[in-house]
């Protein structure tokens, strides 16, 4: 593995760490302030955690911030090991007419790669993305579905930048089986340089109480230049109040080409009026 095209310095690393700490502290303060405010009852839910998204959009002018604190992944391939921490940020803005604007980025990333050439470490921000979500009509209150389209730009730091723009198209289908149990199906296609990388995810969400929920998921991945892979995982979400949700969970590779481990730790805050 060739690490020669990457460079870093301690001053830049310290500055990035300070920025990450400031970001995390700001989000925690926002969460505390939201917890002290009266909440609307029409929070449509969050796109975190796990694969897929909620097929319901925010009301006009409403805003949601979803933040990794951070998320983590471990990949082993061709004798090399990569461990990455990512503070993913997603800002959702309700537009009305069943539409929602999404602005995404990862302002802080830390990557450690181990290979035949030794150990290399990098830090920096990731690519930004712009997306639009559409909630589709349904005649059944137990069924909801939606579409998501986004473009990811190549504006990240060198170690975390995609070679070219990526275009994502996703479809989410949710079925509320009963008061406690909901099923989800997520289909995704990401086009990058003429290649289509596809994802199929099945999820089951079970409410343990009014504020605590358990989810499990199985995921099938396909990349034309790498092959197929499968994952399975589980996690918990905790609604501190109708405005603030915490999440924690993991995914583990079952077979094929996929991250050995993935974990999520994050917070989502609803700024409805």
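Observations
- In region 59-81, of all residues being buried (at least 20 other Cβ atoms within 10 Å of the Cβ) and in a loop (DSSP other than H, G, I, E, B), the one that is modelled with the lowest pLDDT corresponds to 70.
- For region 123-136, the criterion of being surrounded by fewer than 17 Cβ atoms within 10 Å (Cβ to Cβ) and closer than 27 Å to residue 240 by Cα is satisfied by no residue at all.
- Top-ranked residue in region 139-156 [being at pLDDT 95 or above and assigned to a loop (DSSP other than H, G, I, E, B); ranked as farthest from residue 190 (Cα to Cα)]: 142
- Filtered by the rule that a residue be part of a strand (DSSP E or B) and closer than 22 Å to residue 127 by Cα, region 82-98 gives 82, 83, 84, 85, 86, 89, 90, 91, 92, 93.
- Residue ID - surrounded by the fewest Cβ atoms within 10 Å (Cβ to Cβ), chosen from residues in region 187-207 that are farther than 18 Å from residue 151 by Cα and in contact (Cβ under 8 Å) with a residue 24 or more places away in the chain: 206
- Flag for residue 84 being at pLDDT 95 or above and farther than 30 Å from residue 272 by Cβ: yes
- Among residues of region 103-125, those that are in a strand (DSSP E or B) and modelled with pLDDT under 90, counted: 2
- Residue 210 vs. criteria closer than 23 Å to residue 77 by Cα, part of a loop (DSSP other than H, G, I, E, B) and in contact (Cβ under 8 Å) with a residue 24 or more places away in the chain: no
- Candidates 130, 175 - the one that is in contact with a strand residue (DSSP E or B) (Cβ under 9 Å, 6 or more places away or on another chain), more than 19 Å from residue 66 (Cα to Cα) and free of Cβ contacts under 8 Å to residues at least 40 places away in the same chain: 175
- Test: residue in region 190-205 that is in a strand (DSSP E or B), out of contact with any helix residue (DSSP H, G or I) (no Cβ under 6 Å at 6 or more places or on another chain), under 17 Å from residue 56 (Cβ atoms) and modelled with pLDDT of 95 or more: yes
- Among the residues of region 216-233, those identified as at pLDDT 95 or above and surrounded by 15 or more Cβ atoms within 10 Å (Cβ to Cβ) are 216, 217, 218, 219, 220, 221, 222, 229, 230, 231, 233.
- One residue alone among 146, 94 is in contact (Cβ under 8 Å) with a residue 60 or more places away in the chain, within 19 Å of residue 56 (Cβ to Cβ), out of contact with any helix residue (DSSP H, G or I) (no Cβ under 9 Å at 6 or more places or on another chain) and surrounded by 17 or more Cβ atoms within 10 Å (Cβ to Cβ), and that residue is 146.
- Residue count, region 157-169 (criterion: more than 18 Å from residue 189 (Cα to Cα) and in a loop (DSSP other than H, G, I, E, B)): 2
- Matching residues in region 223-246 - criterion: being part of a strand (DSSP E or B), in contact (Cβ under 8 Å) with a residue 40 or more places away in the chain and closer than 16 Å to residue 207 by Cα: 235, 237, 240, 241, 245
The values are calculated or read from the model by the stated rules, or taken from the named source; none is laboratory data. Values in this document were obtained by computation on a predicted structure and should not be read as measured data. With ideal geometry, Cβ positions are generated from the backbone for all residues, glycine too; neighbour counts draw on all protein chains shown.
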